[in-house]
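Have a look at the structure below before the remarks.
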Amino acid sequence: MISFSGEEVQTVFHADSLHVGVKEKGKGVCTDTRTLQKGELFFALKGPHFDGNRFCEDAVKKGAWGVVVDRKSWIVNRGSEKRITNHESQSHWIFEVKDTLTALGDLAAWWRKKFSIPCVAITGSNGKTTTKEMVASILGFKGAVLKTEGNFNNLIGLPLTISRWENSHRYAVLEMGMSDFGEIKRLTEIAAPTVGCVTNVAAAHLEKLGEMEDVARAKGEMFSAMNSSGMIVVNAEDPLVCKKAELFRGKKIFFGMQKHCEVRFEHWEQKSLDEMFIRFSIQGRICEVLLPFSGFHNVMNCLAAAAVALAVSASDVEILQGLQKIVPLKMRFEQVQLANGVRLVNDCYNANPGSMEMAFRTVGSAKRAGRFIAVLGDMLELGGKSPELHRDLGKKAVEHGANKLFLVGSFSKNIAEGAISAGILSKDIVRVEKKEDLNPILEKEVKKGDVVLVKASRGMGLETVAHFLKDTYGI
């Protein structure tokens with residue numbers, strides 16, 4: 001775990017010390033006083049709906065080693081400064097910086113430089129979390145792995161993850177998320193990965209980024225920010241990723257279906273919604289594995305993970321063992337067999353046009369005794385193209401075999417229009433105003449043998465519908 005002296009913090013931040021604390025080192029960092037542990041350094045982050053500078057006094061009372069405050073907000077809260085400076089313990093540090101978020105990243109970057117172990121960074125529009133879990137599972141057979149937990153993949157979460165880096169770790173596997181330009185660049189500068197992977201580029205965050213080429217530019221910041229002494233893993237099936245990879249001057253490993261790929265697809269067979277068989281080659285050596293996943297998108301995730309593992313010298317045996325050990329993630333095509341004979345697919349963690357079509361294709365091509373029922377909500381952050389992309393979403397759902405659609409959200413009308421254009425009858429489409437309205441309708445509708453896919457962007461909170469079905473019928 002990260003540790004630091006007052007003098008080291010001053011040097012890293014180029015910070016002003018408003019109050020000099022103990023000579024003993026601090027250990028650990030925190031951005032939320034509710035979880036703060038004694039001896040940690042509290043960063044007073046500021047966002048559109050909160051100002052951590054207001055909680056510095058609470059941090060000191062809870063035993064913070066020190067606090068890092070924002071210069072502008074600190075001037076406004078001079079009364080708070082006086083109370084903290086004169087607090088009875090008198091043992092804490094107070095550092096004043098121009099921007100606390102930048103300072104948090106700077107401290108993480110300083111700590112990361114103390115370690116020379118392989119560090120993997122993974123980003124992409126789809127599949128980055130699953131690929132990260134696969135890589136971590138493989139490398140777990142070689143030694144202790146530091147990996148991103150949950151959604152700690154942004155400018156706050158990644159530094160907090162790096163702060164957990166210890167001498168016992170042999171590998172680091174870090175996920176990088178973004179919503180705007182410059183974020184992947186900054187995350188890459190902080191993490192200094194030795195291996196970088198962009199899984200793919202799809203329509204996501206268009207509201208801020210604009211076009212697909214802009215998404216590629218934002219994701220491609222990883223390749224441009226990486227040191228050429230490192231290595232990148234490239235999806236040979238994604239032209240936008242390949243174009244960005246051309247700019248990288250270091251070593252490259254390709255995965256996909258092309259002849260030149262070091263990790264190459266050979267064969268895929270979806271056994272059921274629960275498992276699939278994959279055959280692929282690693283530098284010409286054939287590997288076969290049965291995975292507790294379904295869907296061709298997970299074939300690509302598997303190839304990406306194998307390529308990343310190859311980049312850090314994992315053996316074929318370790319790669320196969322790690323892939324077999326992986327467990328499906330919550331709300332990412334999570335499958336539940338309900339007691340009434342209905343198969344529920346909870347894929348509510350996130351959604352964009354690419355991941356939606358992957359889900360439709362997977363459910364639509366699987367063997368099932370009943371109907372394919374799709375419960376869909378909005379895909380968020382798609383900007384001016386939202387109506388068009390939601391119409392296409394409805395069309396794709398029907399083309400991949402959806403028998404009935406249950407829709408909620410601002411773009412449900414557009415989804416319905418696209419679905420009707422693909423041939424579904426209007427009587428097989430149900431639109432509601434609130435997600436809660438779906439519960440009683442679905443309770444009457446679903447029958448034994450049906451497969452119910454529930455999917456929308458995370459902000460829609462559509463997982464509550466999945467929870468309702470589980471609570472109503474049991475597992």
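Since every read-out is calculated from the coordinates, none of them should be taken as a lab result. Fair warning: this is a prediction, and the values are worked out from it, not measured in the lab. All Cβ positions, glycine included, derive from the backbone under ideal geometry; neighbour counts span all protein chains shown.
Relative to the first principal axis of the alpha-carbon coordinates of the chain, what is the inclination of helix 412-421, with its axis defined by its Cα atoms, in degrees from 0 to 90 and to the nearest 10?
The angle comes out at about 30 degrees.
Which order do peptides 182-188, 441-447 fall in by mean Cβ count within 10 Å, highest first? Display every interim value, and only then the final one.
Working: 182-188: 20.0, 441-447: 15.0.
The packing order, highest mean first, is 182-188, 441-447.
Given q = 0.13, 0.21 Å⁻¹, what are the Debye log10 I(q)/I(0) values for the range 406-475, with equal point scatterers placed on the Cα positions and solvent ignored?
Result of the Debye calculation: -0.40, -1.01.
Using mean Cβ contacts within 10 Å as the protection proxy, how do 96-102, 360-366 order, highest first? Walk me through the intermediate numbers first.
Values: 96-102: 18.0, 360-366: 20.4.
Packing order, densest peptide first, comes out as 360-366, 96-102.
Taking each pair of distinct Cα atoms in the chain once, what is the resulting Kirkwood hydrodynamic radius in Å? Numbers along the way, then the final one.
Numbers: mean 1/r = 0.0416 Å⁻¹.
Final number for the Kirkwood radius of the chain is 24.0 Å.
Would you mind checking the tilt of helix 463-473 against the longest principal axis of the Cα atoms of the chain, expressed as 0 to 90 degrees and rounded to 10?
It is inclined by approximately 60 degrees.
Go through 37-43, 346-352, 267-273 and give me the packing order, highest mean Cβ count within 10 Å leading.
Working: 37-43: 20.4, 346-352: 22.9, 267-273: 14.7.
Order by mean packing, descending: 346-352, 37-43, 267-273.
Taking only Cα atoms of the range 115-325, what ratio of Rg to Rh do you get with Rh as the Kirkwood inverse-distance radius? Please report the intermediate quantities before stating the final value.
Numbers: Rg = 16.0 Å, Rh = 16.9 Å.
Checking Rg against Rh, the ratio lands at 0.94.
Expressed in whole Å with the largest first, what are the equivalent ellipsoid semi-axes of the range 334-473 derived from the C-alpha gyration tensor as the square root of 5 times each eigenvalue?
Numbers: eigenvalues 91, 52, 39 Å².
Those come to 21, 16, 14 Å.
Taking a quarter of the surface of the Cα convex hull of the range 269-427, what do you get in nm²?
Details: hull surface 44.5 nm².
Mean orientational projected area (the range 269-427, Cα hull): 11.1 nm².
Amide H neighbours of VAL375 under 5 Å, at least 5 residues apart or on other chains, H built in the peptide plane: list them.
PHE406, LEU453, VAL454, LYS455
Taking Cα atoms, how many degrees apart are the long axis of helix 128-139 and the longest axis of the chain, rounded to 10 and kept between 0 and 90?
70 degrees
222 nm [θ] for the chain, helices only, -39500 (n - 2.57) per DSSP H run of 4+, per residue, to 500?
Values: 19 runs with 174 residues, N = 475.
Calculated at 222 nm, the ellipticity per residue is -10500 deg cm²/dmol.
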